[in-house]
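Sharing a structure here in structure tokens format.
Readers should treat all values here as calculations from the given coordinates under stated rules, not as data from a laboratory. All values reported here derive from a predicted model rather than from experimental measurement. Every residue, glycine among them, receives a Cβ derived from its backbone with ideal geometry; neighbour counts consider all protein chains shown.
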Amino acid sequence: MPFNAKSGKFNANINTVELGCGDKKIAIGGENVLPFYTFDAPVENAPKVGVEITDGILENEPECVKKYYEGCESIADMAKKAASLEGVDFLCFRLEGGDPNGADKSTEELIGMVKEVAEAVDLPLVIAGCKNAEKDAELLAKAAEVLDGKNAVLLAAKEENYKTVGAAAGLAYKQIVGAESAVDINLAKQLNVLLSQLGVSSTNVVMNVGTAAAGYGFEYVVSTMQRVKAAALSQNDNMLQMPIITPVASEVWGVKEAVASEADMPEWGDAEQRGIDMEVETAAAVLASGSNAVILKHPVSIATISKLVKELV
């Protein structure tokens, strides 16, 4: 009896969202098949890979990453170097120094650095906050203003600050709003509904549904992403049809497998290779689970994932 393959193509689509402007602009989403199911239908917009830098410049970077930015003395220098790395589609600037419980840098200082980054590179920009909802509301609203016309992603609006971030980024300056939830499909949908009720167009929203480093409760990440994609495509749920962007770097480069020294853990082998392995494994897994873009840190990880995507799409 002949085998008749059934198509996994759906009638619904993930929204297409454009990031950036000019010749370097990119698009994510748009697919109507499960991740990498190109045998069922073409994937018009391949997953994208971003590089993360922070306002600390080289101060808080892993030793194995610092060598790639040797000679960079300013955030503009680092942004230019990051943008030139193999496989980079966009640049993420994380304002981690704004955390009131950390360096507590002023909004004026950090927004000045946002301007420097924007002037230094022509890649699409993602501006990520400091993970403090109140400070992020102030930072991201100001960033949306100074990046007017750049079609940047402001990552991330949370339930605690979505009105401020959504109004500034999604309404006043027509930027892309990154909706961040904590690894739960219901929370992800609820935040998208709230942004929609605020007046933000669904085509101006991307989701960060949460992540973790591989091995750290990662099964919850996988199941959440898979459920989001299944609801979006098979159930045509338009409140879950926003593309997913996943900040892998900020999770991976904080776990012991990536940062423990060889002196402390000699049996674990080369420290740099461990970090790269953790980042590649996590990025590959979230892409296979439904993420449309990943944010990485190590240049080797970026080049590896970029090559993986090109081979599969």
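For the stretch 209-305, take the convex hull of the Cα atoms, compute a quarter of its surface area, and give me that in nm², please.
If I average the Cα hull's projected area over directions, I get 6.1 nm².
Using amide H atoms built in the peptide plane, which far-off residues or other-chain residues are under 5 Å from Ile176 H to H?
Ala152, Val153, Leu154
For the stretch 16-312, what's the radius of gyration and Dmax over Cα atoms, in angstrom?
Rg and Dmax of the stretch 16-312, Cα atoms, are 17.9, 54 Å.
Sort Trp268, Trp253 by Cβ crowding within 10 Å, fewest neighbours at the top.
Going from least to most buried by this count: Trp268, Trp253.
What ranking do Tyr68, Tyr162 get, fewest neighbouring Cβ atoms within 10 angstrom at the top?
Listed from fewest to most nearby Cβ atoms, that is Tyr68, Tyr162.
What GluC sites (Glu not before Pro) does the stretch 145-192 have in DSSP loop regions with at most 13 other beta carbons within 10 Å?
Passing both the DSSP loop test and the Cβ count: Glu160.
I would also like to ask the following. Of all the C-alpha pairs in the stretch 1-79, what % are more than 21 Å from each other?
Here the tail beyond 21 Å accounts for 56 percent of pairs.
With charges only on Cβ, +1 for K and R and -1 for D and E, what is the dipole size of the stretch 189-313 about its Cα centre, in debye, rounded to 20?
720
To the nearest 20 debye, what is the magnitude of the charge dipole of the chain about its Cα centre, counting +1 on the Cβ of each Lys and Arg and -1 on the Cβ of each Asp and Glu?
So the magnitude is around 1260 debye.
Quick one, what does Rg over Rh come out to for the stretch 155-221 if you take C-alpha atoms and the Kirkwood Rh?
1.03
Then there is this: Can you grab the distance from the C-alpha centre of the stretch 98-136 to the C-alpha centre of the stretch 269-311, Å, no decimals?
24
Could you name the lysines whose alpha carbon sits less than 19 Å from that of Lys105, not counting residues in the same chain fewer than 8 places away?
Lys115, Lys131, Lys135, Lys142
From the Cα trace of the stretch 45-202, what convex hull volume per residue do you get, rounded to a whole Å³?
So the per-residue Cα hull volume is 125 Å³.
Let me ask something else about it. Please report the antiparallel percentage of the DSSP beta bridges confined to the chain, to the nearest 5.
Around 10 percent of the beta bridges assigned by DSSP in the chain are antiparallel ones.
A follow-up question, please. For a quick check of your reading of the filter: which GluC sites (Glu not before Pro) in the stretch 21-104 sit in a DSSP loop and have no more than 10 other Cβ atoms within 10 Å?
Loop-located and lightly packed - Glu59, Glu70, Glu73.
Remind me, what semi-axes does the stretch 98-148 give for its equivalent ellipsoid, largest first in whole Å, using sqrt of 5 times each Cα gyration tensor eigenvalue?
Value: 19, 11, 9 Å, ordered largest first.
Could you work out [θ]222 nm for the chain from helices alone, using -39500 (n - 2.57) per DSSP H run of at least four and dividing by all its residues? Round to the nearest 500 deg cm²/dmol.
Calculated mean residue ellipticity at 222 nm is -11000 deg cm²/dmol.
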